[in-house]
Amino acid sequence: MLLTDWEMEMRSIEKMIAREMNHPELRQWSSEPLDRSLIWLIWSMGASAGLGPALRAAVAAAVYLVYRGLEVHEVERAQPGGGGVSATAVLAGDFFSSKYYLLLAKYGLVSLVGVLSGGVRRVNELKVRRRSWRWEEDPEGYVALCAEIETGVVRGLLRGLSLRDPWPEVVRAAGRGFALVRGGEWGHGGRCPL
């Protein structure tokens with residue numbers, strides 16, 4: 001079976017992500033299947049911005065590592081009986097997200113470091129807002145907030161890559177889709193009304 005160029009690029013990105021996440025003491029947080037929808041979205045944005053294959057792969061892997069770092073903190077908090085994030089989960093999340101600095105620098109994409117860190121800041125601000133949101137009173141607003149959290153870093157990437165229409169709408173729809181897929185627990189101990 002011959003692989004298309006796109007399939008070969010996806011495999012290359014997945015290998016790059018696995019290589020960057022590889023740490024013998026953090027396997028518990030790096031063994032989950034990769035979110036190919038997120039990788040595809042970022043890859044597509046890079047292609048639309050005119051990035052070549054190596055830069056598309058670096059951007060996709062870097063953004064994925066940021067998301068995985070943020071996600072580790074969230075997943076750990078949502079574990080049954082877990083009162084909070086363990087110290088090792090914090091270190092794992094920081095390890096994954098910090099790798100994006102090195103990856104972007106290695107490929108000469110230092111200008112995206114500030115863009116992505118701004119997205120991380122925005123995601124964390126939204127997560128703070130989500131903790132006090134009374135979703136029972138405004139479920140649609142809550143879903144919109146969750147969708148914005150799902151794509152906070154990608155929204156920053158939109159600006160960093162200077163992408164225009166239709167990309168803002170594509171990212172908004174993707175955020176809602178990611179939020180709907182994730183569903184379930186949203187940090188309240190209650191079920192999100194999706």
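The values are calculated or read from the model by the stated rules, or taken from the named source; none is laboratory data. Keep in mind it's a predicted model, so treat the numbers as computed, not measured. Reconstructed Cβ throughout: ideal geometry from the backbone, glycine too, with neighbour counts over all protein chains shown. Accessible surface is based on the protein model in full, side chains and every heavy atom, while ligands, DNA and RNA are left aside. Shrake-Rupley method; radii C 1.70, N 1.55, O 1.52, S 1.80 Å.
Can you say whether LEU116 is closer than 15 Å to VAL66 by Cβ, modelled with pLDDT of 80 or more and open to solvent by less than 50 Å² (accessible area, probe 1.4 Å), as far as the supplied structure shows? In short, yes. Only one entry of ARG129, ARG164, ARG121 meets the criterion of being of a type in the set (Lys, Arg), farther than 27 Å from LEU104 by Cα and either at pLDDT 90 or above or open to solvent by 20 Å² or more (accessible area, probe 1.4 Å) (or both), and that entry is ARG129.
A quick yes/no check of all residues on (1) of a type in the set (Lys, Arg); (2) surrounded by 20 or more Cβ atoms within 10 Å (Cβ to Cβ); (3) modelled with pLDDT of 90 or more:
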{"position": "ARG19", "(1), (2), (3)": "yes, no, no"}
{"position": "ASP35", "(1), (2), (3)": "no, no, no"}
{"position": "ALA47", "(1), (2), (3)": "no, no, yes"}
{"position": "VAL59", "(1), (2), (3)": "no, yes, yes"}
{"position": "VAL66", "(1), (2), (3)": "no, yes, no"}
{"position": "GLY81", "(1), (2), (3)": "no, no, no"}
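Checking each residue in the range 111-147 for being out of contact with any Pro (no Cβ under 9 Å at 6 or more places or on another chain) and not in a helix (DSSP H, G or I) picks out TRP133, ARG134, GLU137, ASP138.
For the range 169-194, a residue qualifies if it is at pLDDT 85 or above, open to solvent by less than 10 Å² (accessible area, probe 1.4 Å) and under 18 Å from ARG68 (Cβ atoms), and exactly one does: GLY175. Condition (residue is open to solvent by 20 Å² or more (accessible area, probe 1.4 Å) and under 17 Å from GLY46 (Cβ atoms)) applied to the range 138-155: is it met by at least one residue? There is at least one residue in the range 138-155 that is open to solvent by 20 Å² or more (accessible area, probe 1.4 Å) and under 17 Å from GLY46 (Cβ atoms).
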